[in-house]
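What follows is a single structure, written as structure tokens, with notes after it.
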Amino acid sequence: QVQLVESGGGLVQAGDSLRLSCAASGRTFSTYIMGWFRQAPGKEREFTAHITRSGGMTRYADSVKGRFVISRDNAKNMVYLQMNSLEPEDTAVYYCAATSVLSTNPENYGSWGQGTQVTVSS
């Protein structure tokens, strides 16, 4: 298991950018595939992006493709989500998660952070 702590959320206007950070504890961070998920009020948690162990491959939900960029720094035990051209529909709690299986299903992620709120006003 790896412990995860997200930061960087906040209140922004439509069209603005925001970068979320996720700090991981432990010396095995580089062995995990890392993902970002989000959950809007009254909705299920949904896949947003994930990145492979080396950072060589990424995948995005269609709703954020071309606007969000996931990256990681294994030397710093960090994973990031750069969010550009934010829309009110992006309003949600964003969670960082770790898995050993390349998947978009949140049930396959065994470690989760506490989440960080992102609110986009129109």
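No lab work stands behind these numbers, since they all come straight from the coordinates. No experiment lies behind these values; they were computed from the predicted model shown. Ideal geometry is used to build each Cβ from the backbone, glycine not excepted, and the neighbour counts take in all protein chains shown.
Summarising the label geometry, the points placed 7 Å from Cα in the beta-carbon direction at Lys43 and Asn108 lie 2.2 nm from one another. Sites listed here are GluC sites (Glu not before Pro) in the stretch 15-114 whose DSSP assignment is loop and whose Cβ has at most 15 other Cβ atoms within 10 Å: Glu44. Counting only DSSP beta bridges whose two residues both lie in the stretch 1-118, roughly 95 percent are antiparallel. Normalised by the number of residues in the chain, the mean separation of alpha-carbon contacts (under 8 Å, six or more apart) gives a relative contact order of 36 percent.
What the Kirkwood sum gives for the stretch 19-122 is a hydrodynamic radius of 13.7 Å, with every pair of different alpha carbons counted.
Within the chain, the longest run free of trypsin sites (Lys or Arg not before Pro) that sit in a DSSP loop with at most 13 other Cβ atoms within 10 Å is 77-122.
Approximating the spin labels as points 7 Å out from Cα along Cα→Cβ, the Asn74-to-Leu11 distance works out to 4.1 nm.
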